[in-house]
1. Please give the average number of partner chain Cβ atoms lying within 10 Å of the Cβ of each residue in A:280-288, rounded to a whole number.
2. For segment A:2-183, give me the percentage of DSSP beta bridges that are antiparallel, rounded to the nearest 5 percent.
3. Grab the DSSP H runs of chain A that are 4 residues or longer, score each as -39,500 (n - 2.57), total them, divide by all residues and round the 222 nm result to the nearest 500 deg cm²/dmol.
4. What translational diffusion coefficient, to the nearest whole µm²/s, does segment B:210-343 have by Stokes-Einstein, given a Kirkwood radius computed over alpha-carbon pairs, a temperature of 37 °C and 0.692 mPa s viscosity?
5. Can you pull a Stokes-Einstein diffusion coefficient for segment B:219-444 at 37 °C (0.692 mPa s), Rh from Kirkwood over Cα pairs, as a whole number of µm²/s?
6. Calculate the radius of gyration of the Cα atoms of the protein assembly as shown to one decimal place, then report Dmax, the largest Cα-Cα distance, as a whole number, both in Å.
7. Sort the following peptides by mean Cβ neighbour count (other Cβ atoms within 10 Å, averaged over residues), highest first: B:155-163, A:136-144.
8. Compute the Cα gyration tensor for segment A:94-188, then decide on rounded, prolate or oblate, letting a ≥ b ≥ c be the square roots of its eigenvalues: rounded whenever a/c is under 1.5, prolate when a/b is larger than b/c in the other cases, and oblate in all that remain.
Amino acid sequence: MAAITYRDALNQALAEEMERDENVFLLGEEVAEYDGAYKVSKGLLERFGDKRVKDTPISELGFAGLGIGAAMVGLRPVVEFMTFNFSFLALDQVINTASKMLSMSGGQIGIPMVFRGPSGAALQLGAQHSQACETWYLHAPGIKVVTPSTPADAKGLLKAAIRDNDPVAFMEGELLYNVKGEVPDDADFVIPLGVADLKREGGDVSIITHGPMVHVALQAAAHLAKDGIEADVLDLRSLRPLDVDAILATVAKTNRAIYLEEGWPYLGVGAQIVSIIMEEAFDDLDAPVLRVTQADVPLPYNKKLEIWAKPGAARAVEACKKVLYV
Amino acid sequence: MEALSPTMEEGQVVKWLRSEGDGVSHGDVIAEIETDKATMELTARGDGVLRAILVPEGGTAPVGEVIALIGEPDEDISELQAAAVSAAAASRSGRGEGDETTAEGGVAAAVEGAAADDGAAAVNRAAGAKLADVATGSPAVSAAADEAIDGRVKASPVARRLAADSGVQLATVSGSGPAGRIVKRDVEAAIEAGPTAAPGRATPPMPAAPVLVPSGAEFEDIPLSQMRKTIARRLTQSIGPVPHFFLTIEVDMGRAMEARATINTMLEREGRKISLNDLIIRATAAALKRHPACNAHWLGDSIRRFNRVHIGVAVAVEDGLITPVIRDADLKGVAHIGAEIRELAGRAREKRLQPDEYTGATFSISNLGMFGIHEFTAVINPPEAGILAVGGVEQVPVVEAGEVVVRNRMKLTMSCDHRVIDGALGAAFLSTLKGMLEEPAAILV
């Protein structure tokens, strides 16, 4: 095992999968000559050449469609969006073609591709560049959504996503690229999609979350531990397919849960999770499930307002205490 | 000292759970009080600081005496303390004279701090105000009763499930959640207060109420005829307060034991089982329904005949005996009765029965068979009119069709209050009961 950055873990995953299967290729803005806007594709052009690593013009709709076309004829493209905020331009291709083609073709035309890039806020990038984009990709059936929070999860899940025959939206975190973590050396380290991970174990309350918020959840759990409250932190890792059993198991254990997410509250990821818990774990609940989300406003640019609008550990702690009635 | 049971006259403080200076809130359990029957919880009736403990652990106080003071942290309680002490002294010397500073029945143990120039008057005013709060049973009931105003108890789903599984009545639990919602910890506390826990699920869960509750009058009072009055007067003169007579009958238990085995086979997959005594209780209840004259109380100027059957089952406890009551025993299945007995007996041994669980029997049963007793005569629990003493099942040689065979026989001895039950009446009841035990199918008829 070695401790590497989230960025390097992604880089390794890409390199290993491109080595393993010559149909895998990478395309996006700045991925080749510039080594990637966030350096995730560093060294790949040099290693694999310009047939496998392709710079595209600034036209998300165009190169997303190009990737989809390539997938339809048997290639396995990895399309990088510089951030998922920019991918809104490509949503017609993603939602109307990538996610529906298998179904509309009666199972004949699969789309084995990955759309990847950072989603969510960084620091003071402004309202248009700070959105958590999961919900747009989750709503239409036909596309998988994965949100790794640690380097090990990033590597294992990206390899699984590339090998998956369905379109996968792989959402990274800009603030996570420098996070270091232990990653197994195993050359074939793959984490299956649809399996959540209990990042912390406790018996008093469940904090269910995904993506960069996993780290905020762990901070909140540390605060709660000082008050003698031990929290389960469940990192969903895959939002579609969803590990419902893991969610129900933690709620059965603690009888109370909160959902922590970076996105907005209205029809956010948490709304879906809460609905599942309410329907399938009703008798296990001692309190309603609360959600901690970004404030329902376009994210402010102002430094202090941005911090206030984003969900932090303090608000997660407060919500946990509320469902514990303390 | 609150009246924590209907018959309580004084209580002993077993343990103070809070100390002087501790903050307390309405509903907090602040002390354990030993009454004539069981150890009960004393709850605070107000918010504030426990300023003074006037009766220490081990001390005894009659119902109505002030045993502690709750007030504001910096309030001057010296007058209240003096008034409470003098009231206690006055009550000890002048009990039963309607002393102004103590109220009859239940005055709350803790007096709320009240600004008053006259300490004694403050005790009195607070005493008057608190009378309304007194619960005749478990102190928790009054608080929880507020929650069910529209008939709906607010409880979280897991609290409901926990209560249903462990037989806790939600209506008796005080909710600590928002708007009085009963939450998991409230039910857990209620379970701890009256533990039912056998490890795992050895005692099966008990449904909260009988399946069928009959409508109509609970009882009818029969005025005494001249003959009745005469019998009563003469027999009392001859034998003491309750004129007992005893009827013994021998019952062949072969078919009953077969029924037990069959039933236990059916229950095996649920991990439950019944005992012969459970069957005897069920049969007795059915027989009493057929002979309502035996399901009665002597009230002195009338006889109360009950339309429902509540059987008191004698349970030996450490320093005596108590009879937890199986309500509507004629409407419950044997498995239910068995589970209920075991649960109540367990709590009885730990002195954790609530008053409404050991009062209200219409008839009693005592079984000493497990001690090897063949037959015995039990003493009637007044005001009940009868009690059944059950001996052990013995293998005895019996002559049948000219042959000596081995049969399982059991002796039942019924003690009857001759003021209510005459010989023929008691004999008829026993004959019915014998018939039911010798052929359990008769219970279904």
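Read-outs: derived from the displayed coordinates by stated rules, not from any lab. No experiment lies behind these values; they were computed from the predicted model shown. Using ideal geometry, Cβ is built from the backbone for each residue, glycine included, and neighbour counts are taken over all protein chains shown.
1. Values: counts 0, 2, 3, 7, 4, 6, 13, 8, 1.
That works out to 5 on average.
2. In segment A:2-183, DSSP labels about 15 percent of beta bridges as antiparallel.
3. Values: 11 runs with 112 residues, N = 326.
Theoretical 222 nm ellipticity from helices: -10000 deg cm²/dmol.
4. For these conditions, the coefficient is 188 µm²/s.
5. So the translational diffusion coefficient is about 180 µm²/s.
6. Rg then Dmax for the protein assembly as shown, in Å: 37.7, 120.
7. Numbers: B:155-163: 21.9, A:136-144: 17.8.
Peptide ranking by packing, descending: B:155-163, A:136-144.
8. On the way: a/c = 3.62, a/b = 1.29, b/c = 2.80.
The shape class here is oblate.
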